Structure formats: structure tokens, C-alpha cells
Amino acid sequence: MPAVIDIRGVHRIYESAAGYTHALKGVTLRVERGEFLCVMGPSGSGKSTLMNTLGCLDTPTSGTYRLEGVDVSTLTDDELAELRATRLGFVFQSYNLLPRATVLRNVMLPLVYSDCPVSQREQLARKALASVSLPEQYFDHRSNELSGGQMQRVAIARALVNDPAVILADEPTGNLDTATGNMVLRTFRRLRDEGKTIVLITHDAEVADWADRTVHIRDGRLLTDEQERALQAAHPGTRSAT
Amino acid sequence: MRIRDLVWETGSALDANRGRSLLTVLGIVIGIAAVIAMTALIGGVKQSLVGELGLNQARMVDFFAWPEREVTLDDLKNLEERMPEYECLTATSYANGEVKSETKTFSGTIMGVLPNYERVMGVKMTQGSFIKDHDQDSVALVAVLDQGAVKQLYGSPDEQVVGRTISISNVSYSVVGVSESTSYMGNGGTVYLPFSTCASRLTGDWGIGSINGLAREDADMSTIAETTMQTLADYFQMSEDQAKEDVYAYTMQSVIDELETTMASFQLLMTAVASISLVVGGIGIMNMMLTNVTERIREIGLRKALGARSSDITKQFLLESVCLCLAGGFIGVVLGYLGSFALTGVAGSMMELGATSAPLRPMIDVKSVAMVTGICILIGVLFGYYPARRAARLDPVESLHYQ
Ligand SMILES: Nc1ncnc2c1ncn2[C@@H]1O[C@H](COP(=O)(O)OP(=O)(O)O)[C@@H](O)[C@H]1O
Ligand SMILES: [Mg+2]
């Protein structure tokens with residue numbers, strides 16, 4: 001059985017008016033099924049670029065990316081969209097819920113694009129909301145009436161609803177206080193116990209403690225734990241960079 | 001993405017921007033209102049014309065010739081044989097005189113007519129019946145009044161007068177029917193007598209004053225006047241010069257054609273107004289859709305991240321602009337129809353359709369509503385396509401982080 005995520009020698013070079021930015025420099029990474037992986041690194045190190053690559057929102061300049069054994073570089077735009085609809089779940093730092101739509105409607109949104117029969121949608125959405133422990137009384141609230149922690153749990157339910165191969169979360173606790181953040185992390189932890197694959201991106205070491213495994217990214221390169229520790233010893237304090 | 005999802009998304013998006021949407025579609029509303037007012041008015045004028053002239057009138061030909069001698073009913077019979085393009089011909093003679101009821105007197109048109117006059121001219125009866133064959137054969141002392149004459153003689157055009165007696169030159173006639181007035185005959189009032197009665201009692205001669213023919217349904221109305229004049233000239237053995245002076249044939253088709261020319265200039269004006277406001281309206285729609293796309297960049301990025309294909313985004317925004325246009329079109333249809341009621345008064349007097357004639361009523365037909373629906377969809381697609389494609393082409397990563 002292939003790894004859920006298998007990227008090899010991935011480079012990403014941004015071209016802009018200011019010149020070239022080499023955001024990923026030969027990244028190689030495997031994520032196995034059921035793993036809760038944390039990618040940690042300071043701001044500007046290439047975390048979001050990596051996340052967008054894993055989420056098939058961005059195409060690497062070079063290198064290969066296999067998602068469940070499928071080389072995504074061979075897929076058309078519509079096939080990539082289908083992959084995002086069915087195999088990938090996103091959780092963003094700023095929740096990105098539709099503010100006027102109800103909680104249920106928000107959670108059902110990915111089902112609209114995955115060709116799920118209308119009759120099954122609400123049931124799937126309720127199931128996903130139950131697994132992030134959002135009380136049923138909120139299901140018909142508009143999402144902008146919820147607290148930040150509740151909104152992020154709705155967003156996780158939305159990422160879950162299609163039963164994706166992997167849930168990608170980019171700084172999911174970045175906008176939350178520690179207690180609420182921990183509640184969200186506990187939710188991820190429980191999903192991992194249920195067998196979900198999770199890749200979480202953060203610059204916060206305490207968040208990384210919730211994961212099974214942590215990889216460090218610095219200037220577009222992944223470091224092993226040993227390399228990271230060596231770096232820490234040489235330049236204490238860089239770890240808490242924002 | 002299913003149709004149902006598309007409709008739901010469109011409904012909620014439009015609902016969120018109700019006020020702005022309403023203002024935006026104003027151009028479409030005005031354009032469509034103009035289209036509807038125009039077609040309703042033209043339809044109404046045509047309709048009232050058909051009602052006015054009778055259904056047969058497009059097939060009616062008014063013709064006559066003045067040879068050196070009197071034209072008689074025998075000539076009519078001969079002409080009927082020579083003119084196979086007509087279903088039947090009818091003859092009319094004219095007289096003048098004082099017409100009296102028990103209380104009132106008026107001098108109107110008195111016409112001697114054959115019984116088939118009713119069919120050829122499409123006369124519509126409001127009371128009793130028209131002159132019959134046996135009235136003509138027995139030179140009966142009967143009369144048919146039109147509503148104008150009833151009004152002159154009894155005060156109101158709706159007075160029940162069948163069975164009453166009128167007198168003309170001291171001869172009494174019994175009224176057997178009342179017909180609708182037509183502005184074609186003038187509003188002064190007309191009294192119809194059997195042709196034979198008119199000849200023997202009033203004019204004293206059996207000469208015909210004019211002939212009307214009802215063309216067969218398959219007759220070519222554009223050439224029938226020409227053919228008829230030729231036949232008349234041949235029959236009466238008139239020289240070419242004489243025929244030019246003394247033969248005429250006149251079809252209602254030419255009246256309708258004339259009216260259509262007048263309508264065409266009106267139509268041109270309204271079409272100009274409509275197209276300008278539709279283009280302006282379309283640009284308004286495009287502007288609003290571009291604003292919409294900009295305001296919803298994050299939402300678009302999110303939808304793409306959640307698996308929307310470019311075509312899903314295109315469809316969503318296209319449907320939104322089409323629905324905007326259709327909503328504008330619907331309001332426009334209602335306003336245009338109401339507006340055409342207001343305009344009918346003006347147009348009615350402009351067309352100089354008589355006061356006693358059928359009122360000019362705007363016509364709304366399925367065809368113009370279908371046309372408007374088509375126009376709205378076209379504008380929605382035409383002006384919504386660019387904003388929709390712009391939305392569909394947005395880069396998901398950049399849109400997700402757009403502030
Ligand atoms: N669209 C872009 N165009 C140009 N440069 C970019 C773009 N996105 C990111 N970068 C650059 O790539 C590098 C990595 O960025 P990013 O992946 O966002 O890092 P992180 O999420 O770890 O803060 C940064 O130097 C950033 O300025
Ligand atoms: Mg980032």
C-alpha cells in the first residue's frame with residue numbers, strides 16, 4: 001500500500017516582479033496512513049508553500065508528488081479539482097467559512113463539488129459535526145454567530161465530511177487562545193485515533209507536541225530532528241521565531 | 001455540481017444583495033418595458049383594426065367603374081362570373097333623406113344593400129338580424145340601423161329598437177336589426193334598406209353605387225386590385241385612358257400596409273430606446289458582477305480549494321447574472337404592460353380610430369414574453385461571461401489570502 005503522501009525532490013520557485021524566490025529547495029517527505037504529522041518552521045520558511053503543494057492548489061516547479069500513489073503532475077485541472085473535493089480536506093488559520101450560511105450548509109459545501117447525492121449530504125454533515133463534538137443546537141446557526149473555537153471545529157468538520165485521505169491544516173490554532181487552541185488540537189488528536197491522516201503546519205513548538213512526528217522546515221529545506229537539535233544548540237532562541 | 005446547488009447558490013447570492021441588484025437591473029427594466037410596451041401597443045392596434053374592420057376585411061376589395069351607362073345588378077352577376085378570385089360580390093346604392101323616429105329626425109347615410117353585404121363587409125349585429133334574401137325579393141319595407149343611427153333617433157345606441165318603426169320620405173319601415181358602427185362608415189349614422197326597396201322607394205333607379213368583393217382566402221391580395229381593374233375595363237369596354245379615370249379598386253390591405261408604415265417608425269424609435277437601455281443595463285450588470293467577484297474572491301478561493309472546478313465557478317456567476325437579467329425582465333414586462341395601458345390613450349387618438357370603435361387594448365402575447373426571456377438570457381450570458389470567467393480563472397492560493 002503506497003504512502004498517503006510521497007513527495008520527492010520538490011522545488012518551488014516563485015517568479016515575481018521582485019525576482020525569484022526559492023521557497024522549497026528539494027523537499028522529500030512521506031506521510032503514512034493514520035499519521036499525525038506536524039511541519040514546523042519560522043515564518044517565511046516555506047510552510048504554506050508546502051501545504052499548498054500537498055493540497056494540489058499549487059504545482060511544484062520540479063520534483064514529484066504522489067497522493068495515494070497517483071502522480072498528480074499527470075492530472076488535468078478538473079481531475080485536480082475532483083481530488084481536492086474527494087481526497088483532501090483543508091483547515092485554514094482564518095476558518096474561511098461562508099458567514100451567512102448555516103453551520104450545516106458550510107459543512108455540506110464540499111459535498112456540492114464531490115457529486116454527493118443531495119439526500120445523503122445532511123446525514124454526512126451531521127456525522128462530521130458530531131466527530132468534532134459541536135453541539136447539535138448550533139447546526140442551524142449562521143456561522144458568523146459562533147465563537148472562534150466553534151468556527152474552527154466547523155471548519156474541521158467541513159474538511160472531514162468527504163472522508164478524505166488527508167486533512168491539511170495550516171496554522172489552525174493561530175487565531176485562537178491557548179485553551180481553545182488545545183480543544184481544537186484535541187479534536188485533531190481524536191481524529192488521528194480514529195485513523196485519519198493529518199498534516200498540521202505551525203510555528204509553535206507547543207502545538208507540535210500534539211503530533212506523532214514533527215519535521216522542521218527552514219529556508220525551504222526539511223531538517224531531521226537531529227539536524228534541528230544541532231541547529232538549536234548553535235543558535236539558541238531561533239525556535240521561537242514567529 | 002448539480003442544478004439544484006447552482007440554483008440555491010444563485011438564490012442566496014442575489015438575496016444577499018437585494019437592494020444593489022434592484023438598482024443594477026434598472027437599465028434592463030427600462031429596456032424590457034420599452035420592448036413590451038411597443039409590442040403590446042402594436043399588437044393592440046392591429047387587434048383593434050381587425051375588430052374595427054371585421055375579420056374579413058383584409059380580404060375585402062372596394063371597386064367600381066363608371067362607364068357611359070348605368071351599372072346594374074345584371075352587370076354584378078356577369079362580373080361575378082368573370083372574377084373567380086372572389087367568393088362573392090355585393091352591390092350598394094346610396095340615397096339621402098330625412099330619417100324619422102317617433103320623436104327625432106336626422107339626415108344620415110341611407111344605403112341600399114344586398115343581403116350578402118353582411119358577409120362581405122363583416123357586419124356585426126348587436127340586435128336582431130340583417131336584411132334577408134326574402135326582404136330583397138319582396139321589396140320589403142324593413143331597415144337595419146347602425147348604432148350611430150340608433151343614437152340619433154332614440155338618444156342612446158343601446159336602446160332596444162327591433163320592431164319599432166322609422167319613416168323616410170313618408171314611407172314607414174320596420175326596424176329588424178342593429179349593427180355595430182364602424183369608423184369606416186363614419187359615425188353620423190347609417191340606415192340599411194334592401195337594395196330593391198331603396199331603388200323603388202327612394203332613388204327611383206336601379207343603378208349600383210359601388211361594389212364590394214370578398215376575395216377567396218387563397219387570393220393574392222397584392223395583385224387583386226390590378227386584376228380587378230383590368231377585368232372591369234375589359235367588361236365595360238373602356239379605353240386605356242378612360243379606365244385610368246373611371247375605374248378604381250381599393251383593398252383594405254393597403255390601409256393595413258399604410259398603418260404598418262406608421263407603426264414601423266414608432267417601432268424604430270422604441271427599438272432604439274430599448275437597445276440603448278439594454279446595452280446600458282448589460283454594462284450595469286457586468287459592473288455589478290465584477291464587484292461581486294472582487295467582493296467574493298476569498299469565497300471563490302475557498303470553493304476551489306474545496307473542489308470546485310473552473311466550470312462550476314463560471315456556471316455559478318453566469319447563472320447569477322442571467323437571473324439578475326431575468327428578474328429585471330420580469331419587472332420590465334409588468335411595467336411595460338402597465339405603461340402600454342397609459343400609452344393607448346395617446347396612440348388611440350394618434351391613429352384617429354373612432355370614438356365609437358372598439359377600444360384600443362394593449363395585447364400581451366406569449367411570443368413577446370418568450371422573446372423578452374430570450375433577450376434577458378442573452379444579455380445575462382453576454383455581459384456576465386467576462387466577470388464569470390474572471391472569477392473562474394482566479395488562482396486559489398492567492399484568492400484564499402486576499403484581504
Ligand atoms: N505567491 C508568491 N509569490 C512570490 N513569493 C512568494 C509567494 N508566496 C510565498 N512567497 C515567498 O516564499 C517564501 C515562503 O513563503 P511561505 O510558504 O508563505 O512561508 P510560511 O508559510 O512558512 O510563512 C517566502 O519568502 C515568501 O515571501
Ligand atoms: Mg504561512
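Numbers for the structure displayed
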{"quantity": "Single condition B:LEU153 does not satisfy, out of (1) crowded, with 21+ Cβ neighbours inside 10 Å; (2) closer than 18 Å to B:THR92 by Cα", "calculated": "(2)"}
{"quantity": "Conditions (1) more than 16 Å from ligand 2 (Cβ to nearest atom); (2) within 26 Å of A:VAL10 (Cα to Cα); (3) buried (at least 21 other Cβ atoms within 10 Å of the Cβ); number of the one not met by A:ILE217", "calculated": "(1)"}
{"quantity": "Selection from the range B:1-43 of residues that are of a type in the set (A, V, I, L, M), more than 34 Å from the chain's Cα centre (by Cα) and more than 13 Å from chain A (Cβ to nearest Cβ)", "calculated": "B:LEU23"}
{"quantity": "Failed item in (1) within 14 Å of chain A (Cβ to nearest Cβ); (2) exposed (fewer than 15 other Cβ atoms within 10 Å of the Cβ), with B:ARG303 passing the rest", "calculated": "(2)"}
{"quantity": "Filter result for A:VAL70 (within 15 Å of ligand 1 (Cβ to nearest atom) and over 17 Å from the mean Cα position of the chain (by Cα))", "calculated": "no"}
{"quantity": "Considering residues of the range A:14-52 that are among the β-branched types (Val, Ile, Thr) and away from ligand 2 (no atom under 13 Å from the Cβ) only, the residue surrounded by the fewest Cβ atoms within 10 Å (Cβ to Cβ)", "calculated": "A:THR28"}
{"quantity": "Every pair of residues 6+ apart whose Cβ atoms lie under 8 Å, when the first sits in the range B:1-29 and is without any contact (Cβ under 8 Å) to a residue 12 or more places away in the chain while the second is aliphatic (A, V, I, L, M)", "calculated": "B:ARG2/A:VAL112; B:ARG2/A:VAL118; B:ARG4/A:VAL118; B:ASP5/A:VAL112; B:SER12/A:ALA101"}
{"quantity": "Qualifying residue in the range A:89-106 (condition: away from ligand 1 (no atom under 16 Å from the Cβ), free of Cβ contacts under 8 Å to residues at least 60 places away in the same chain, away from chain B (no Cβ under 14 Å) and surrounded by 22 or more Cβ atoms within 10 Å (Cβ to Cβ))", "calculated": "yes"}
{"quantity": "Residues of the range A:47-88 classified as of a type in the set (Lys, Arg) and facing another protein chain (nearest Cβ under 10 Å), total", "calculated": "2"}
{"quantity": "Residue in the range A:142-162 that is touching a helix residue (DSSP H, G or I) at 6+ places or on another chain (Cβ under 6 Å), within 13 Å of another protein chain (Cβ to nearest Cβ) and not in a helix (DSSP H, G or I) present", "calculated": "yes"}
{"quantity": "Count of the range A:140-165 residues which are of a type outside the set (D, E, K, R) and under 15 Å from the mean Cα position of the chain (by Cα)", "calculated": "11"}
{"quantity": "Residue match in the range B:132-146 (condition: under 14 Å from B:THR190 (Cβ atoms) and in contact with a helix residue (DSSP H, G or I) (Cβ under 8 Å, 6 or more places away or on another chain))", "calculated": "yes"}
{"quantity": "Filter pass, B:ILE313 being part of a helix (DSSP H, G or I), of a type in the set (A, V, I, L, M), out of contact with any Ser or Thr (no Cβ under 9 Å at 6 or more places or on another chain) and within 14 Å of another protein chain (Cβ to nearest Cβ)", "calculated": "yes"}
{"quantity": "Filtered residues of the range A:35-48 (kept if near ligand 1 (Cβ under 8 Å from one of its atoms) and either under 28 Å from A:GLU194 (Cα atoms) or in contact (Cβ under 8 Å) with a residue 60 or more places away in the chain (or both))", "calculated": "A:GLY41, A:PRO42, A:SER43, A:SER45, A:GLY46, A:LYS47, A:SER48"}
{"quantity": "Residue that is in contact (Cβ under 8 Å) with a residue 40 or more places away in the chain and farther than 13 Å from B:TYR192 by Cβ, where the choices are B:MET111, B:MET121, B:MET83", "calculated": "B:MET83"}
{"quantity": "Any hit, the range B:146-154, residues being in a strand (DSSP E or B), assigned by TED's automatic domain parsing to the domain that holds B:VAL113 and in contact with a strand residue (DSSP E or B) (Cβ under 8 Å, 6 or more places away or on another chain)", "calculated": "yes"}
{"quantity": "Unique residue being touching a Phe, Trp or Tyr at 6+ places or on another chain (Cβ under 8 Å), crowded, with 16+ Cβ neighbours inside 10 Å and among the polar types (S, T, N, Q) when the list is B:GLN127, B:GLN136", "calculated": "B:GLN136"}
{"quantity": "When residues of the range A:170-187 are limited to those that are in a loop (DSSP other than H, G, I, E, B) and within 18 Å of A:LEU146 (Cβ to Cβ), the one farthest from ligand 1 (Cβ to nearest atom)", "calculated": "A:ASP177"}
{"quantity": "Unmet requirement for A:GLN150, which otherwise passes all of (1) in contact with a Gly (Cβ under 9 Å, 6 or more places away or on another chain); (2) free of Cβ contacts under 8 Å to residues at least 24 places away in the same chain", "calculated": "(1)"}
{"quantity": "Odd one out for A:SER133 among (1) more than 14 Å from chain B (Cβ to nearest Cβ); (2) outside any strand (DSSP E or B); (3) free of Cβ contacts under 8 Å to residues at least 60 places away in the same chain; (4) closer than 18 Å to A:ASP6 by Cβ", "calculated": "(4)"}
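The values are calculated or read from the model by the stated rules, or taken from the named source; none is laboratory data. Just so it is clear, the structure is predicted and the values come from calculations on it, not from any experiment. For neighbour counting, all protein chains shown are included, and Cβ atoms are generated from backbone atoms with ideal geometry for every residue, glycine included.
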